[in-house]
Amino acid sequence: QVQLVESGGGLVQPGGSLRLSCEASGSIVGISAMAWYRQAPGKQRELVAAITSGGYARYADSVKGRFTIDRDNPKNTVYLQMNSLKSEDTAVYYCNILGDNSRSWGQGTQVTVSS
């Protein structure tokens, strides 16, 4: 089992940027697709972005054009670059294997967008 640890969150003003990191305890080269999710208070967890082993990325409509997902297999790390942040982006962000319901969720990293 690969453990995943999120980091890079924090407090940022609207229009600002953050880069989140998801570090794996082992190789992610054999994982078909990795994903970032987020959960705002009182809301369901939602898929934000996903990337396949071949580097194909897809995004939720709400973040398209603002967020970029990337994976660095030698570093066993998946990134989420977030630009032009809005207050609506405030949430706890999690990384995980796409669609794998057998896995638990980590602590995530808090992103707060506020003036």
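Which distance in Å, rounded to a whole number, links the C-alpha centroids of the stretch 75-97 and the stretch 46-71? With the stretch 75-97 and the stretch 46-71 each reduced to a Cα centre, they are spaced 10 Å. Given a 1.4 Å probe and the protein chains as shown, Tyr59 ends up with an accessible area of around 60 Å². If you plug the beta carbon distance of Ser102 and Ser7 into 1/(1 + (r/R0)^6) with R0 = 22 Å, you get a FRET efficiency near 0.35.
Residues with beta-carbon under 15 Å from that of Ser27, excluding Ser27: net charge, scoring Lys, Arg +1 and Asp, Glu -1?
Details: positive: Arg71, Lys75; negative: Glu23, Asp72.
Taking every Cβ under 15 Å from that of Ser27, the sum is 0.
With each label modelled as a point 7 angstrom along the Cα→C-beta vector, the Thr112-Thr52 pair spans 3.9 nm.
If you add up the charges near Ala60, with Lys and Arg at +1 and Asp and Glu at -1, over every other residue whose beta carbon is less than 15 angstrom from its beta carbon, what do you get? The partial results should precede the final answer.
Numbers: positive: Arg38, Lys43, Arg45, Arg58, Lys64, Arg66, Lys86; negative: Glu46, Asp61, Glu88, Asp89.
In short, +3.
What part of the accessible area of the stretch 28-115, given as a whole %, is carbon or sulfur when the probe is 1.4 angstrom? Exposed carbon and sulfur together represent 46 percent of the surface. 3J(HN,Hα) along the stretch 36-50, derived from phi through the Karplus expression 6.51 cos²θ - 1.76 cosθ + 1.60 where θ = phi - 60°, amounts to 10, 10, 8, 9, 8, x, x, 10, 6, 5, 10, 6, 9, 7, 9 Hz, with x in place of Gly and Pro. For the stretch 1-85, the per residue solvent-accessible surface stands at 55 Å², with DNA, RNA and ligands left out and a 1.4 Å probe. Shape annotation for the stretch 47-90: C-alpha extents along the principal axes are 34, 17, 15 Å, from largest to smallest. For Lys43, the aspartates and glutamates whose Cα comes closer than 18 Å to its Cα, not counting residues fewer than 8 places off in the same chain, are Asp61, Glu88, Asp89.
Taking the chain as a Gaussian network of alpha-carbon nodes connected by springs under 10 Å, the highest mean-square fluctuation of the residues Lys43, Lys75, Lys64 belongs to Lys43. Modelled this way, with points 7 Å down the Cα-to-C-beta line, the labels at Ser84 and Ser17 are 1.3 nm from one another.
The values are calculated or read from the model by the stated rules, or taken from the named source; none is laboratory data. Everything numeric here is computed off the predicted structure, so don't read it as measured data. So basically every Cβ, Gly included, is an ideal-geometry build from the backbone, and we count neighbours across all protein chains shown. When the accessible area is computed, the model is the full protein with side chains, heavy atoms only, and any ligands, DNA or RNA have been set aside. Shrake-Rupley method; radii C 1.70, N 1.55, O 1.52, S 1.80 Å.
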